[in-house]
């Protein structure tokens, strides 16, 4: 991890990322933010199913999961805690990560030729209470790729795509699936930075 | 480099990137595009000075430089050639790469608290003639960072920033300089992908 650009002051809270996502770690590390990683111990799947049963939207679910992670970790750990979550939304339907290549193929067939949204939610918590939150949405349109393209894509990418909701990585060959991408790159990767960095400056984690 | 996702057909032209930029190579490689690199042998600086003397805008200069690179390489090399260039535009003034850390500091002081544009131009040429071109613009607003932040940033980043027009890398700590970023990430890095990938499908370099 890169060092902070100045020594931390004594009253500056430690910053903890309550997420195991490698993409989020890489984004924060790249940006030069000093942080530790300590994923929250919550049953995300049960919470998601509960929210779906209550008819909540993918956007609300992203925010609720980010908040649950931030609060759970922050209740047990001093400092400033980042909770984050991202959901994929096709016309109000939440897409989950595919468990098998056959499921990934089915997802990509459903997304083909259509515009979907990625909702990236970030919550900062301290002493078990949220102190700031935002949800940023990106909008992505898949082109009408051929069945031949899809078969070759799945074969070439392999099980790596099962770690990504939607079955694509925009920083890799997944970019070939799209005809239009509207939204911030960090939002698409799962951690919008502009608002978060401004908060980290307010809390003294980053220099003004 | 990643292999093409299907074997090339016999009538598919070879693709040459006429740019020495590592960022552009990485973008194309990441996207799974099969290509070779053969930078164009032109005097960019003389061409730029000539265009500036004629009162051309930063946007036009990006396009002219991308075209000059594509045509120069394509006149000597068979296949499809990508020429690319990017200019930084603050209220119509073209910013060059800084030669020294003192120049980089002066640039960042000028950009501080203001919105500037990055114009990324791409030209495809074949047999010495342009066959497609586009210019995509991103708009970035630097925050009113403190002199203390700037000093620490310059010390921390060091001469690496001299390779970047504007003195920042958005994929690194440079993102801390900004309060707002509007535009596609690949455009900011210097090679907008959506339009280019669509053309490469038309030419059979990529699968439909």
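Can you tell me which residue in the range B:2-22 is surrounded by the fewest Cβ atoms within 10 Å (Cβ to Cβ), limited to those that are part of a loop (DSSP other than H, G, I, E, B) and modelled with pLDDT of 85 or more?
Filtering the range B:2-22 for residues part of a loop (DSSP other than H, G, I, E, B) gives B:2-14, B:18-21.
Cutting the leftovers down to modelled with pLDDT of 85 or more gives us B:13-14, B:18-21.
Details: B:13: 15, B:14: 14, B:18: 27, B:19: 26, B:20: 12, B:21: 18.
So, considering only residues that are part of a loop (DSSP other than H, G, I, E, B) and modelled with pLDDT of 85 or more, the one surrounded by the fewest Cβ atoms within 10 Å (Cβ to Cβ) is B:20.
Consider residue B:106 against the criteria (1) assigned to a loop (DSSP other than H, G, I, E, B); (2) closer than 29 Å to residue A:208 by Cα; (3) more than 14 Å from chain A (Cβ to nearest Cβ): it satisfies all of them except one. Which criterion is unmet?
(1)
What's the total number of residues in the range A:189-200 that are more than 8 Å from chain B (Cβ to nearest Cβ) and closer than 27 Å to residue B:26 by Cβ?
Narrowing the range A:189-200 to residues more than 8 Å from chain B (Cβ to nearest Cβ): A:189-192, A:195-196, A:199-200.
Filter once more, so that each one left must be closer than 27 Å to residue B:26 by Cβ: A:189-192, A:196.
Going through the range A:189-200 one residue at a time, the tally reaches 5.
Among (1) assigned to a helix (DSSP H, G or I); (2) within 22 Å of residue B:89 (Cβ to Cβ); (3) free of Cβ contacts under 8 Å to residues at least 60 places away in the same chain, which single condition is residue B:187 missing?
Result: residue B:187 fails condition (3) only.
Could you tell me whether residue B:71 is on the phi < 0 side of the Ramachandran plot, out of contact with any helix residue (DSSP H, G or I) (no Cβ under 8 Å at 6 or more places or on another chain) and either surrounded by fewer than 16 Cβ atoms within 10 Å (Cβ to Cβ) or in a helix (DSSP H, G or I) (or both)? If you could, list the steps in order and put the result at the bottom.
On the way: on the phi < 0 side of the Ramachandran plot: yes; out of contact with any helix residue (DSSP H, G or I) (no Cβ under 8 Å at 6 or more places or on another chain): yes; either surrounded by fewer than 16 Cβ atoms within 10 Å (Cβ to Cβ) or in a helix (DSSP H, G or I) (or both): yes.
It is true that residue B:71 is on the phi < 0 side of the Ramachandran plot, out of contact with any helix residue (DSSP H, G or I) (no Cβ under 8 Å at 6 or more places or on another chain) and either surrounded by fewer than 16 Cβ atoms within 10 Å (Cβ to Cβ) or in a helix (DSSP H, G or I) (or both).
Output the number of residues of the range B:142-155 satisfying the condition of being farther than 20 Å from residue B:58 by Cβ and either within 7 Å of chain A (Cβ to nearest Cβ) or in contact with a helix residue (DSSP H, G or I) (Cβ under 8 Å, 6 or more places away or on another chain) (or both).
So the first thing to find is which residues in the range B:142-155 are farther than 20 Å from residue B:58 by Cβ, and the list is B:143-155.
Imposing the further condition that a residue be either within 7 Å of chain A (Cβ to nearest Cβ) or in contact with a helix residue (DSSP H, G or I) (Cβ under 8 Å, 6 or more places away or on another chain) (or both) reduces the set to B:143, B:145-146, B:148-150, B:152-154.
Adding up the residues that qualify gives 9.
Counting just the residues of the range B:97-106 that are surrounded by 12 or more Cβ atoms within 10 Å (Cβ to Cβ) and out of contact with any helix residue (DSSP H, G or I) (no Cβ under 8 Å at 6 or more places or on another chain), which one comes out farthest from residue B:85 (Cα to Cα)? Steps first, please.
Of the residues in the range B:97-106, the ones surrounded by 12 or more Cβ atoms within 10 Å (Cβ to Cβ) are B:97-98, B:101, B:103-106.
Those still in the list that are out of contact with any helix residue (DSSP H, G or I) (no Cβ under 8 Å at 6 or more places or on another chain) too: B:103, B:106.
Values: B:103: 22, B:106: 23 Å.
Of everything passing the filter in the range B:97-106, B:106 is farthest from residue B:85 (Cα to Cα).
Quick test for you: out of A:26, A:49, pick the one residue that is more than 19 Å from residue A:196 (Cα to Cα) and either touching a residue at least 40 places away in the same chain (Cβ under 8 Å) or out of contact with any strand residue (DSSP E or B) (no Cβ under 8 Å at 6 or more places or on another chain) (or both). Talk me through it step by step, then tell me what you get.
Working: A:26 fails: more than 19 Å from residue A:196 (Cα to Cα).
Criteria check complete, one pass: A:49.
So which residues in the range A:190-208 are assigned to a loop (DSSP other than H, G, I, E, B) and on the phi < 0 side of the Ramachandran plot? Break it down into steps so the answer makes sense when it comes.
First, pick out the residues of the range A:190-208 that are assigned to a loop (DSSP other than H, G, I, E, B): A:190-193, A:203-208.
Passing the criteria: A:191, A:192, A:193, A:203, A:205, A:206, A:207, A:208.
Collect the residues in the range B:156-168 that are assigned to a helix (DSSP H, G or I) and either at the interface with another protein chain (Cβ under 8 Å from one of its Cβ atoms) or surrounded by 17 or more Cβ atoms within 10 Å (Cβ to Cβ) (or both), keeping them in residue-number order.
Going residue by residue through the range B:156-168, those that are assigned to a helix (DSSP H, G or I) are B:156-163.
Answer for the range B:156-168, where residues must be assigned to a helix (DSSP H, G or I) and either at the interface with another protein chain (Cβ under 8 Å from one of its Cβ atoms) or surrounded by 17 or more Cβ atoms within 10 Å (Cβ to Cβ) (or both): B:156, B:157, B:161.
With the checklist (1) in contact (Cβ under 8 Å) with a residue 24 or more places away in the chain; (2) touching a strand residue (DSSP E or B) at 6+ places or on another chain (Cβ under 7 Å) in hand, flag the one item residue A:197 doesn't pass.
For residue A:197, the failing item is (2).
Would you confirm, using the coordinates I've provided, whether residue B:179 is within 15 Å of residue A:207 (Cβ to Cβ) and part of a loop (DSSP other than H, G, I, E, B)?
Values: within 15 Å of residue A:207 (Cβ to Cβ): yes; part of a loop (DSSP other than H, G, I, E, B): no.
No.
Given the options B:56, B:86, B:63, name the one that is within 22 Å of residue B:139 (Cα to Cα), at pLDDT 95 or above and in a loop (DSSP other than H, G, I, E, B). Spell out the reasoning first.
Numbers: B:86 fails: in a loop (DSSP other than H, G, I, E, B); B:63 fails: in a loop (DSSP other than H, G, I, E, B).
Matching residue, one of B:56, B:86, B:63: B:56.
Residue A:109 is checked against (1) within 30 Å of residue A:38 (Cα to Cα); (2) surrounded by fewer than 18 Cβ atoms within 10 Å (Cβ to Cβ); (3) touching a helix residue (DSSP H, G or I) at 6+ places or on another chain (Cβ under 9 Å) and fails just one. What number does that condition carry?
All conditions are met except number (1).
Given B:81, B:136, which one is crowded, with 19+ Cβ neighbours inside 10 Å and either part of a helix (DSSP H, G or I) or within 14 Å of chain A (Cβ to nearest Cβ) (or both)? Give the steps one after another, and end with the answer.
Working: B:81 fails: either part of a helix (DSSP H, G or I) or within 14 Å of chain A (Cβ to nearest Cβ) (or both).
Going through B:81, B:136 in turn, just one is crowded, with 19+ Cβ neighbours inside 10 Å and either part of a helix (DSSP H, G or I) or within 14 Å of chain A (Cβ to nearest Cβ) (or both): B:136.
Listed here are the residues, each with its yes/no results for (1) over 30 Å from residue A:137 (Cβ atoms); (2) touching a helix residue (DSSP H, G or I) at 6+ places or on another chain (Cβ under 9 Å); (3) surrounded by fewer than 16 Cβ atoms within 10 Å (Cβ to Cβ); (4) at the interface with chain A (Cβ under 10 Å from one of its Cβ atoms).
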{"position": "B:120", "(1), (2), (3), (4)": "no, yes, no, no"}
{"position": "B:170", "(1), (2), (3), (4)": "no, yes, no, yes"}
{"position": "B:176", "(1), (2), (3), (4)": "no, yes, no, yes"}
{"position": "B:202", "(1), (2), (3), (4)": "yes, no, yes, no"}
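The values are calculated or read from the model by the stated rules, or taken from the named source; none is laboratory data. All values reported here derive from a predicted model rather than from experimental measurement. FYI the Cβ positions are ideal-geometry reconstructions off the backbone, even for glycines, and counts take in every protein chain you see.
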